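The values are calculated or read from the model by the stated rules, or taken from the named source; none is laboratory data. Only a predicted model underlies this, so the values are computations on that prediction, with no experimental measurement involved. Cβ sites come from the backbone with ideal geometry, for glycine too, and all protein chains shown count toward neighbours. To get the accessible areas, we keep the full protein, side chains included, count just its heavy atoms, and leave off ligands, DNA and RNA. Shrake-Rupley method; radii C 1.70, N 1.55, O 1.52, S 1.80 Å.
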Amino acid sequence: MGKLMRSFWTPAVTEREIPAADEPPVRLTLLGENLVVFRDTEGRIGVLDEHCPHRAASLFFGRNEEGGIRCVYHGWKFSVEGECLDMPTEAPGSPMRTRVRAVAYPARLAGGVLWVYMGEGDAPPLPDFEFLGLPDDHIYASRWEQDCNYAQAMEGELDSAHVGFLHSLVDKIEGDAQTLTGQYFRDDKAPTWKIVPTPAGFMACNGRRTAEGQRYWRLNQFLTPFYTMIPPHPDDAQLVRMWVPMTDERCWVICVTFRPDRPLGDKELAAWRNGDVAHRKVVPGTTVPTERKDNNYLIDRHAQKTQSFTGIAGVRAQDAMVCESAGAIVDRTREHLGSSDRAVVAMRRTLIEAAVACGDRGVRPEGSLMPHLYRVRATQTVLPEDTDPEDSDALMATARPKEGAATQD
Amino acid sequence: MGKLMRSFWTPAVTEREIPAADEPPVRLTLLGENLVVFRDTEGRIGVLDEHCPHRAASLFFGRNEEGGIRCVYHGWKFSVEGECLDMPTEAPGSPMRTRVRAVAYPARLAGGVLWVYMGEGDAPPLPDFEFLGLPDDHIYASRWEQDCNYAQAMEGELDSAHVGFLHSLVDKIEGDAQTLTGQYFRDDKAPTWKIVPTPAGFMACNGRRTAEGQRYWRLNQFLTPFYTMIPPHPDDAQLVRMWVPMTDERCWVICVTFRPDRPLGDKELAAWRNGDVAHRKVVPGTTVPTERKDNNYLIDRHAQKTQSFTGIAGVRAQDAMVCESAGAIVDRTREHLGSSDRAVVAMRRTLIEAAVACGDRGVRPEGSLMPHLYRVRATQTVLPEDTDPEDSDALMATARPKEGAATQD
Amino acid sequence: MGKLMRSFWTPAVTEREIPAADEPPVRLTLLGENLVVFRDTEGRIGVLDEHCPHRAASLFFGRNEEGGIRCVYHGWKFSVEGECLDMPTEAPGSPMRTRVRAVAYPARLAGGVLWVYMGEGDAPPLPDFEFLGLPDDHIYASRWEQDCNYAQAMEGELDSAHVGFLHSLVDKIEGDAQTLTGQYFRDDKAPTWKIVPTPAGFMACNGRRTAEGQRYWRLNQFLTPFYTMIPPHPDDAQLVRMWVPMTDERCWVICVTFRPDRPLGDKELAAWRNGDVAHRKVVPGTTVPTERKDNNYLIDRHAQKTQSFTGIAGVRAQDAMVCESAGAIVDRTREHLGSSDRAVVAMRRTLIEAAVACGDRGVRPEGSLMPHLYRVRATQTVLPEDTDPEDSDALMATARPKEGAATQD
């Protein structure tokens, strides 16, 4: 699975979190590795193993200046590419300076997110997400920590069936049919699933019978190895979520919301910065959620009785609670999967098959090679009850990759 | 040993700690399993695996209402017996609803304590402790945590020889012969032991030569798998202590004090609620002792020099200190057992033999099948120096199971 | 390696830290063992296994009085030699009292430091460090914790090449040629090494070409198993540092500074007590450094840009940072050793060879048997560029063991 993951670019941090040129580096744990992130004097971004290749002192304490980061132990200095620029403890002509390199990963800034390539060989093209082609003021990205395995965290997103419960209000309160707690979810709590495989993952279509004898279809996207898209409310921003392994037992969530057609508005930006709606509330200046496992997500048992189904504030915190409370790595032998878990099953199968193909037969995953496969959207519509969502132009025209989409490479 | 433990009812929490009907559940770790405890709308008590059988989300965050607890992830709802009452994400007629059950353990409230049966097959009768037949106002029960294996914790209670040291005052202070620090313990610090096996454990008789050429005998009860009784001071309440495995490295202590003949008095109740005498002082609203390992039991070294043998406040904290400070699971190969450790040796042997019989030969322990064996008391008396305590009617009449004792089943 | 370590005396705590006679014991972890240290009524020092040999209760909570330490559990009492002085729970004549002993290690107070012998057989003579023969007012010793393996910590001291970087000021600030940040270190950052083996370790000579075409030589001492000496500035006190294994992942550092020729001055004592210069700043009353791993050594990034190379206060904290930040036990397969690491390589080789000889062939290390080998000094001088330091009488006369040095045994 590690080899599969490393066939792809890995989203790492948001642009806002990257230090300015010549400022001190920040730490980052990604795919189980401890790294430092910094910008050199020219503003180029370096992502290096935290430990100096000499005797492993941490480069977090290093001096970032004059074109590279210098370990304070013996003054060895490295460029953003990992080249040793200076090795003052060796004689000037020593071949050791060119032979020793810091572990450095290619890094690219695009769409408000830093992408890192941690695999072998040349980096593939970046996945051509729609937001990568947009101006900065059309995009908002945030990052937070989740206390469980990335796959488990992602399951909480692919699992559409929970929406009518976990994020709902108590029955006494009447909601708006246009909201997550709305009429569609209330009318049919056991959605029908249709999984449509794609070369980079699958479309998870889930349909709910409406009061009018039609079916409300949501089409979520799963894109290998850990991307999800769910359809926004009408008029809301598009979004992509990224469930990035930090270690085997923890993950990063990066959420990008964007407007394809216009700059973001002050009001939506303010809400997102506050951790509302699509994003998650964190302790300011950190990636630590305010509602989290070790404070029982600040559950309000009175509110749970009288207002919201969970008593926990924030849709994101609600999702995190169900995923994290199952344990860091859930014991799957004790699960009982039902018909509502079709997308979860499809995701597990897709990843395992890709990992086997990649690890055992050396097959590079298609998604990593064909960036336009990521130029897709999640979407939703209402169809006649018996229409197969795959036959719906309304759904498919939005969901399928755009022809002629720009690539950045 | 796990199989042996699970042949018995396990005391779990005190009645006071159980939430009211339809109130949020509480967490409980017992025999290494994470559970939730709640009362349904009719007041029936449920003890369920904390993790929902669907995808393992914690039922601690569940909604307890209308006859069962509902997982907030997908709305699956379970009765106190573990039956799935509602599985709204599946089609109404799905056989899955009746096939899937939550792990639920039979629970019984008796004597101010909740008892849980975590074993196979039908639950046996409850052990017929004397206090189980008493009115509520004759009984006070409390519960606290101890930071070591249950067996080790229990050894601190069975070990009568330590009383003359651990709980004593410094020699300069003259005590009252009627107290734990009294004359009997001071006159003879190397008690004689007589272990009298019973079908459910043993009576640990320990005798101390008195100044008058007689012998003061204490008769402690050990009842499989983890119950102890020590004789109270004259006119004090009877007591049972339960040393219940939480995990391999921690245990719960449940202490029940009771008056067979009358309601409890305000004064003794106030002392017990304050964690004095037979009970332990805890941080209010928790099961965490105030004097504990990570604060060195608030040892007062000046008091240790001038007043009490340990400088630690509270007999219970003193016992916990010696047991916990040996480590979570003591390395028994480094021990040197002496003649004062007869009861400890007998307890280990009794449990190991019962575990072998139960695990290897499938023998259900007698204690679990014959509830009247628990209708016994610890007691004490003074006998002529050479009298065998087993020949003393005064001791045996109190200590032996009562004939015709009521059973609750 | 454990057997090798235990062939030597182990320095344990400073004299100041040892409780007075009949005062409560203190805890000490040494070579992975939990111990207690106390003085009996006559002032003799005991170093005993923390756990009572009876049933493992902690002797830390014991009563230290009337010639020994008494376990509060059952009153068993032990002398500083581990002899059981009283076993009141056994009959007076019981052979058990003489058979059972507490694990007790021989302890000697010398040179302001408590030395403990944790090996087999008779204790060898103490290593005859120069300061062991001095009056108390010539010596100052301190002790602190380091969060990594002892070998790794020691490498930070043997590694002379880092001095011109880690402990330097930023280039804009002109230093004094006589200081650590001085001209010699600035003129030649890639020192030449000459390792001179000795029967107890080696002399690590490192030379720097000076502006005047000469070479400035520093001669550091490594003495098995974990002693280092570095040359002081002219007129500064001599020093010995001891890198003592606490566990596999942590170590104690004991630093002794001394004046062979006169009592210590008030000014230097005040600085050392404050944790300056050769010693380390700690939280008062503890061995916990103020600048430490879990607070990022209080790094001041502004100071790092404008004043000191690291932005971390204190030469000792700087050394600890590079050693600890590499991890508790560094993964040596990822290192790239260069010509500057000759002393580190020599130390590893010396210890491994000695451990193999001791463990496999039972060879007692020479250093443990010949105390005068420790009567040496680190030193420094300036020589003509091509002079071999081993041929320099100025260096060798100071560095070699003194003939006729006093031994304390």
Rh (Kirkwood, all Cα-Cα pairs) for region C:343-401, Å, reads 13.8 Å
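Highest mean first, what order results for B:216-222, A:334-340 on Cβ atoms within 10 Å?
Order by mean packing, descending: B:216-222, A:334-340.
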For A:154-167, mean number of other protein chain Cβ atoms within 10 Å: 3
Give me the residues in region A:336-373 whose solvent-accessible area, probe 1.4 Å, is reduced by at least 50 Å² once all protein chains are included instead of the chain isolated. A:HIS336
Round to a whole angstrom and tell me the spacing of the C-alpha centers of region B:110-164 and region C:20-72. 35 Å
Distances in nm between the label point of A:ASP331 (7 Å along Cα→Cβ) and its equivalents in the other copies, shortest first, are 3.0, 3.0
Kindly express, to the nearest 10 degrees and within the range 0 to 90, the angle between helix B:342-361's C-alpha long axis and the longest C-alpha principal axis of chain B. 30 degrees
Mean separation of Cα pairs under 8 Å and 6+ residues apart, divided by the residue count of chain A: what relative contact order is that in percent? 19 percent
Pull out a ≥ b ≥ c, the square roots of the eigenvalues of the alpha-carbon gyration tensor of region A:248-313, then state rounded if a/c is under 1.5, prolate if not and a/b is larger than b/c, and oblate in the remaining case. oblate
Count, for each residue of B:105-116, the Cβ atoms from other chains sitting within 10 Å of its Cβ, then give me the mean as a whole number. 0
Run through the other copies and list how far each one's label point is from that of C:GLY213, in nm with one decimal, shortest first; the point sits 7 Å from Cα along Cα-Cβ. 10.8, 10.8
Kindly state, to the nearest 0.05, the FRET efficiency for C:ALA20 paired with A:ASN34, given R0 = 45 Å and r defined as their beta-carbon distance. 0.45
Shape metrics for region B:2-117, restricted to C-alpha atoms - Rg then Dmax, Å: 13.9, 44
How big is the A-C contact in terms of buried accessible area, both chains counted, 1.4 Å probe, rounded to the nearest 100 Å²? 2600 Å²
Find, among the residues of chain B, the one whose Cβ sits nearest the axis of the rotation taking B to A; state the distance in whole Å. B:ASP294, 10
Taking each label point as 7 Å beyond Cα in the direction of the beta carbon, state the distances from A:PRO260 to the same residue in the other copies, shortest first, in nm. 8.3, 8.3
Would you mind checking the pairs B:LYS281/C:LYS281; B:LYS194/C:LYS77; C:LYS194/C:LYS305; B:LYS189/B:LYS281; C:LYS194/C:LYS293 and listing those with alpha carbons more than 31 angstrom apart? B:LYS281/C:LYS281; C:LYS194/C:LYS305; C:LYS194/C:LYS293
Can you compute the helix-only [θ] at 222 nm over chain C? Use -39500 (n - 2.57) per DSSP H run of at least 4 residues, normalise by all residues, nearest 500 deg cm²/dmol. -5000 deg cm²/dmol
If I fit a long axis through the Cα atoms of helix B:315-324 and take the longest principal axis of the Cα atoms of chain B, what angle between them do I get, 0 to 90°, rounded to 10? 70 degrees
Per-residue Cβ counts within 10 Å, from other chains only, averaged over C:291-297: what number is that? 1
Inter-centroid distance (Cα atoms) of region A:332-379 relative to region C:274-304, Å: 49 Å
Could you estimate the translational diffusion coefficient of region A:82-126 from the Stokes-Einstein equation, with Rh from the Kirkwood formula over C-alpha pairs, at 10 °C and 1.306 mPa s, in whole µm²/s? 123 µm²/s
Go from 0 up to the bin containing the longest alpha carbon distance in region A:277-409, width 10 Å each, and give me the % of pairs per bin. 9, 21, 28, 31, 10, 1
Against the rule of thumb 2.2 N^0.38 Å, how large the Cα Rg of the protein assembly as shown comes out: 1.10
Any aspartates and glutamates whose Cα falls less than 15 Å from that of B:LYS402, other than same-chain ones fewer than 8 residues away, would be B:ASP128, B:GLU130, B:ASP393
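Leaving ligands, DNA and RNA out of it, report the carbon-plus-sulfur percent of the accessible area of the protein assembly as shown at a 1.4 Å probe. Working shown, then result.
On the way: 24080 of 47870 Å².
Carbon plus sulfur share of accessible area: 50 percent.
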In whole Å and largest first, what semi-axes does the C-alpha gyration tensor of region B:205-335 yield when each eigenvalue is scaled by 5 and square-rooted? 24, 21, 19
Could you estimate the translational diffusion coefficient of chain B from the Stokes-Einstein equation, with Rh from the Kirkwood formula over C-alpha pairs, at 10 °C and 1.306 mPa s, in whole µm²/s? 70 µm²/s
Output needed: Cys residues of chain C lacking any neighbouring Cys C-beta below 4.7 Å, sorted by number. C:CYS84, C:CYS148, C:CYS205, C:CYS251, C:CYS255, C:CYS323, C:CYS358
Tell me, what is the per residue accessible area of the protein assembly as shown in Å², probe radius 1.4 Å? 39 Å²
Can you compute the radius of gyration and Dmax for region B:81-238, using only the Cα atoms, both in Å? 23.4, 82
Binning every alpha carbon pair distance of region B:182-257 at 5 Å from zero, what are the percents per bin? 3, 14, 18, 19, 18, 15, 8, 3, 1, 0
